[in-house]
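Below: the structure, in structure tokens.
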């Protein structure tokens, strides 16, 4: 749960050669590197200055695009897909399981700062519905025990355990 | 007819990210051929192929290419729309993960035609894992001399960069996508001017969907005529269809246009394989959230752009979301509406305020006694205003599903309407 230091923010921007066209990608990287799935407005301002982008535009980008959060969330954002193919094949039940296992409702963050539970638009894995996205990967989960195993694998840092649930193609 | 493989050829190869693998399977025959052709002749092949844009709008790719070829000004930009945000659509992801080099080769041929040196693939932010695979494929292509300077030992220079979105459905609209590619908020632009003339960074620009670009190499190798003949007389080639929902065999299927009916797509054992659990089909949602709802008795239309259009339907993105008899129609439409509430960019009032209002009415109408007096009239008029007065296609088409469902299942709308007002529905459909 380390806070990003200025140097890390600047090196992310530099990784994109401070190209203003890559502002969105840089902000996504900052969000990932934050450890709390958010972009602090101070980091955004720092990156913007380095990339030669006005502060107003950074504010616009952070508020326009749905994937950004300017307040800290959990290390892992758990997003249940709620578009039709998932919703009508058990997404509501999946959300309820995850909510029960995490002890938080939609939008809530667990006390240990590990997980935030959210719902999301389509993540393009409809053939594996219902799916839940954690970080960059989507997982097909169809039972309470699978949901528990998925969370355990993130909690205990055991990526192998969730491989069987991962949507691979 | 099934079994024709144009886009899925090589899609089950064990090494989809290997440039050598693609070359060994005959890849880059199209670019080699194109290098000896005049740009106008390449465009002629695309025109003859009658390739209709595969992103959803079905605009003829050949015409788009011809227009851009006739426009002076440089540089011309090549942009691939990989902002696949349409629920129930996952075929562009399939191409990017399984046959990325066909997309890369297609964009390179576009670069050759328009004298461009840089192409951009705009990939939605939700596909970060796909972006990583594409990045690897681009790197391997560079190492194999398929991107960069002097491609295939010729004088052709072309390279491709990936640009990431960050969660905005509206960026699938091409002008919004270009704004986002420039690092701005992805709001749509006023047109005209057309993007061919004033596109990325104000320069002439070609924007095509992933599947459209992936069709370019086969068009060049087969020839436009043969590509046309593999499909429908008015739209050549095959379509990647995404089956999801309550089918036995959800997934991406390659279907020669016009070769099967919608019903075949759902029930053929080699395709959807019928409805799960032996239940009955209630409806199909076609082409994306902004596409029509098709009841079970209207599925005998051949799956082609022309046939579906004549039937008042549309191929759209290729999404075919199948729902069985257990689904409450108004619950489904509320989910569609909720999607548009989430994704409206807020720029114009009909879309920003119309979608939440429609959602509220749908929720009311889904429970006994819920429909307020005049609810159906209000819903109808909301839909009219959104369709007629929204700024971009997102708002204009947000109630297509609702209107088509209303026609097909009027009783479900009327069930909980305020009783004296029930006649409104039949009037509205008159």
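The values are calculated or read from the model by the stated rules, or taken from the named source; none is laboratory data. Given the structure is predicted, the values throughout are model-derived calculations rather than measurements. Quick reminder, even Gly has a Cβ in these numbers, built from the backbone with ideal geometry, and neighbours come from all protein chains shown.
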### Message
Can you tell me how many residues within the stretch B:173-188 are within 11 Å of chain A (Cβ to nearest Cβ) and not in a loop (DSSP other than H, G, I, E, B)?
### Response
4
### Query
Residue check, residue B:262 against (1) more than 13 Å from every other protein chain (Cβ to nearest Cβ); (2) more than 18 Å from the chain's Cα centre (by Cα), all met but one. Which one?
(2)
#### Entry: Filter result for residue B:34 (in contact with a helix residue (DSSP H, G or I) (Cβ under 9 Å, 6 or more places away or on another chain) and away from every other protein chain (no Cβ under 14 Å))
yes
### Message
Every residue in the stretch A:122-143 that is closer than 17 Å to residue A:96 by Cα and either at the interface with chain B (Cβ under 9 Å from one of its Cβ atoms) or in a helix (DSSP H, G or I) (or both), please.
### Response
A:129, A:133
### Message
What's the total number of residues in the stretch B:221-237 that are buried (at least 24 other Cβ atoms within 10 Å of the Cβ) and not in a loop (DSSP other than H, G, I, E, B)?
### Response
1
### Task
Could you pull out the residue among B:99, B:89 that is modelled with pLDDT of 95 or more, within 8 Å of chain A (Cβ to nearest Cβ) and farther than 22 Å from residue A:68 by Cβ?
B:89
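Yes/no matrix, rows are residues, columns are (1) within 14 Å of chain A (Cβ to nearest Cβ); (2) part of a loop (DSSP other than H, G, I, E, B):
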position	(1), (2)
B:162	yes, no
B:166	yes, yes
B:190	no, yes
B:207	no, no
B:217	no, no
### Task
Scan the stretch B:367-382 and give yes if some residue there is in the same structural domain as residue B:412 (by TED's automatic domain parsing) and without any contact (Cβ under 8 Å) to a residue 12 or more places away in the chain, otherwise no.
yes
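Per-residue answers, yes or no, for (1) touching a residue at least 40 places away in the same chain (Cβ under 8 Å); (2) within 14 Å of chain A (Cβ to nearest Cβ); (3) within 26 Å of residue A:138 (Cα to Cα):
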| position | (1), (2), (3) |
| --- | --- |
| B:120 | yes, yes, yes |
| B:126 | yes, yes, yes |
| B:135 | no, yes, yes |
| B:140 | yes, no, yes |
| B:150 | no, no, no |
### Task
Scan the helices (runs of 4 or more DSSP H) fully inside the stretch B:319-391 and keep the ones with 1 or more residues being modelled with pLDDT under 95 and within 13 Å of chain A (Cβ to nearest Cβ).
B:329-343
## Note on the structure
Residues of the stretch A:36-91 being within 10 Å of chain B (Cβ to nearest Cβ), in a helix (DSSP H, G or I) and closer than 28 Å to residue B:245 by Cα, in sequence order, are A:84, A:85, A:86, A:87, A:88, A:89, A:91
